[in-house]
Every structure is written in C-alpha cells, then in structure tokens.
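Colleague: Mind having a look at this structure? Questions to follow.
The values are calculated or read from the model by the stated rules, or taken from the named source; none is laboratory data. A quick note: this is a predicted structure, and the numbers were derived from the prediction, not measured. Cβ coordinates were reconstructed from backbone atoms using ideal geometry, including for glycine residues, and neighbour counts include every protein chain displayed. These area figures cover heavy atoms from the full protein model, side chains too; ligands, DNA and RNA do not enter into them. Shrake-Rupley method; radii C 1.70, N 1.55, O 1.52, S 1.80 Å.
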Amino acid sequence: MPFCGKCGTQVQDGVKFCPSCGMSLQTQSQVNDAEANKIMAVISYIGVLVLIPLITGKYKQSPFLKFHVNQAIIFCIGYFVVMLLYLIPSIGGFLGFIIQVGILVMGIISIIGAIKGETKSFPIINKIKIIK
C-alpha cells in the first residue's frame, strides 16, 4: 500500500486523495512528467511564447504540459478580447481592466502551480479544451 507524501498516512491502492490530509496522490509517472516539463509550462504563460511548446510539439507527449498550454492559450484569447473591449467607449475600459486583472491573477497562480508541478484549474476555464 502507498503512503501519503505529505502526512505519511497509509492509503489504499487507487485512491486519488489522502483521507487524512486531503493531498492529491500523484503517480510517479505524473511526477516525472511534471518535473520534466515545468520550464516549458511556465514559458507557455508568457504571452506569445505559448507558441514554443506548440511548435516543438512537446505538449503531445505530456498531459501536464498539454494542460498548461491549453490554459495559456485561453489566457491569450482573453487578453485579445480585453483589447477589443478597450475600443468600446466608457464601460469597455472599466470592464476590460477588470477582466485583464483577473486574467493576470489567474496567470500568476498558474505559473506558481506549474513551478510546483501542479495543475491549477479555474471554474470557467476548466471546461474549455482548445488542445485535445
């Protein structure tokens, strides 16, 4: 039987979360995938640099990188929508600013999650799959 990496509790095989502390129990292949692709995942959140993992095709072999590239593309589309909102007089600037700050905060949270080897999803965004 495996043990939780955070609290040391012994858990049943096939359990995804520790019953004691609630930590996600990843398999070793998931941990290795995250470790190997952290840098590329972080790069994907830096504007047009999202094209690097797309051009190299590394996202095809890594579910971790695919998740982050998909989310980064959604953020890029969001920034494009914000630019269009700024063209609308009066309310467009305010609404665009609010959305832009929200995308920026989600991007920072995602970068921190990528550095930690996690996949942080957000309620609206997690349903959108651009890369299949």
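Colleague: Once the convex hull of the alpha carbons of region 46-108 is built, what does its volume come to per residue, in cubic angstrom? Don't jump to the answer; show the numbers that get you there.
Modeller: Numbers: hull volume 4.1 nm³, N = 63.
Expressed per residue, the convex hull around the Cα atoms of region 46-108 is 65 Å³.
Colleague: Accessible area per residue of the chain at 1.4 Å probe, in Å²?
Modeller: Numbers: 8530 Å² over 132 residues.
It amounts to 65 Å² per residue over the chain.
Colleague: A follow-up question, please. Ignoring everything but the protein chains, give the 1.4 Å probe accessible area of Cys21 in square angstrom, nearest 10.
Modeller: Roll a 1.4 Å probe over it and Cys21 shows about 50 Å².
Colleague: State the answer as a single residue: which of Gln10, Gln61, Gly117 lies farthest towards the positive end of the charge dipole of the chain, with beta carbon charges of +1 for Lys and Arg and -1 for Asp and Glu, about the Cα centre.
Modeller: Gln61
Colleague: Okay, moving on. If you consider only alpha-carbon coordinates, what radius of gyration and Dmax does the chain have, in Å?
Modeller: Using the Cα atoms of the chain, the pair Rg, Dmax is 17.6, 62 Å.
Colleague: How big is the dipole moment of the chain about its Cα centre under a simple scheme where the beta carbon of each Lys and Arg is +1, that of each Asp and Glu is -1, and everything else is neutral? Debye, nearest 20, please. Could the numbers behind the result be given before it?
Modeller: On the way: 11 positive and 4 negative charges, 41 e Å.
Taking the Cα centre of the chain as origin, the dipole is about 200 debye.
Colleague: Rounded to the nearest 500 deg cm²/dmol, what is the calculated helix-only ellipticity per residue at 222 nm for the chain, with -39500 (n - 2.57) per DSSP H run of length n ≥ 4? Before the final figure, lay out the partial values.
Modeller: Values: 4 runs with 72 residues, N = 132.
Mean residue ellipticity, 222 nm, calculated: -18500 deg cm²/dmol.
Colleague: Can you pull the percent of the chain's accessible area that's carbon plus sulfur, 1.4 Å probe, other chains left in place? Intermediate results must be reported in sequence, preceding the final value.
Modeller: Working: 5890 of 8530 Å².
C and S atoms contribute 69 percent here.
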